[in-house]
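Notes follow the structure.
None of the figures in this text is laboratory data; all of them are computed from the coordinates on show. This is a predicted model, so every value here is computed, not measured. Using ideal geometry, Cβ is built from the backbone for each residue, glycine included, and neighbour counts are taken over all protein chains shown.
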Amino acid sequence: MKTNLILTGLVFCTLLMTWSCGQKAQSSDKPESTAESMPATWAERLGYPAGKKVIMLHADDIGMCPEANIAAKQQLLAGDIQSAAAMPPCPNFEEIIAWAIENPQIDIGLHLALTSEWKTWRWPSVTPVEEVPGLIDPDGKMWRSVEEVVANASPDEVEKEVRAQIEKSIALGYRPDHIDTHMGTLYGHPEYAKRYLKIAMEYGIPANAIDLSKPEVVKIFREGGYPITDDVVEFMSAYTLPKLDFFTSAPNAKTYEEKVEAFKELIRSLKPGLTEIIFHPSVDTEQLKTITGSWQQRVWEAKMFGDPDLKKFFEDEGIIFTNWKEIMKRHNQ
């Protein structure tokens, strides 16, 4: 395995962006009878109009710090974005979950975190550290990189921690609308991925599961260094909850104006289907600058989706927006 490509979430998103911008709309994983009888995309399978780009603007890393919570709440309440996911091990998780309970119309999931990547702003596992020693580094926190998790943590430890993070939310009185994976860690090992998808089906909570029914999609992941084994492909084909046609992230840029234009170009490049686009909004503070070197991108991402120019662009492009609540409502009909 080319482990250098599973070191960070940035690489995970870059790989998926390359895929989403260059692939045809994905077909269903159910057996085909005729070409006419099978919807071309998961968006169509869920009842969205054929040929349309159905997009979920999704904020990652909420619960990590106050700056992330403030930004995401503002965007969600304004209707500028559709979904967000909170990190259960992080210091501001309880605050955002309390807010989610007060705002049941808002789509909030869990950003399952098995890494703690920043230099000074760090967290341990939700499970007592002595019960999942393979997830814990010498500082008593989670490992900083996906590579270190894969090298040290057993699938059993990963499953135990994923369950603990979901149960933490439920114990606080909130059943998450979806689950996804911080830095792509749960796709960094075949057994992690299978446990992740199994847990999603067990709880009936959708994961950010990507349709792997197309050989060219599997090829791209494998060439990128991800361990998409035949077992993972087979397991994904049996996954019973909705899947994404595409998954990508907001591109970085040197200026705010360039970032907006790059995002427009990303939207133009997407094929019809159900696409989740992740980003990491935060309000601008001195503390944020001490947490992450990506603070400027995060501040711009807290601004751009309310930008009238970008909103007009979405309208002109005929974009349909959705979230996991709506997806599951359609799935269960």
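Among DSSP beta bridges lying fully in the chain, give the percent that are antiparallel, nearest 5.
5 percent
Sort 102-115, 189-202, 246-259 by the packing proxy (mean of other Cβ within 10 Å over each peptide's residues), most packed first.
Going by the mean number of other Cβ atoms within 10 Å, highest first, we get 102-115, 189-202, 246-259.
Show that you can apply the helix-only estimate: for the chain, add -39,500 (n - 2.57) for every DSSP H stretch of four or more residues, divide by all residues, and state [θ] at 222 nm to the nearest 500.
-12500 deg cm²/dmol
For the stretch 247-326, what is Rg from Cα atoms divided by 2.2 N^0.38 Å, rounded to two decimals?
Output field value: 1.17.
Using a 10 Å cut-off on Cβ atoms, rank the peptides 117-124, 69-76 from the highest mean neighbour count down.
Descending packing order for the listed peptides: 69-76, 117-124.
Under the definition of Cα pairs under 8 Å and six or more residues apart, what whole-number percent is the relative contact order of the chain?
In percent, rounded to a whole number, it is 27.
Taking only C-alpha pairs under 8 Å that are 6+ residues apart, what is the relative contact order of the stretch 104-207 in percent?
For the stretch 104-207, the relative contact order is 32 percent.
If you project the alpha carbons of the chain onto their three principal axes, what span does each projection cover, largest first, in Å?
56, 45, 38
Please list, ordered by chain and number, the residues whose modelled amide H lies under 5 Å from the amide H of Ile62; skip anything fewer than 5 residues away on the same chain.
When sequence neighbours closer than 5 places are left aside, the close amide H contacts are Ala85, Met87.
Here is the link list: Lys214/Lys271; Lys73/Lys303; Lys53/Lys264; Lys259/Lys311; Lys141/Lys198. Which ones come out longer than 20 Å on Cα distance?
Pairs exceeding the cut-off: Lys141/Lys198.
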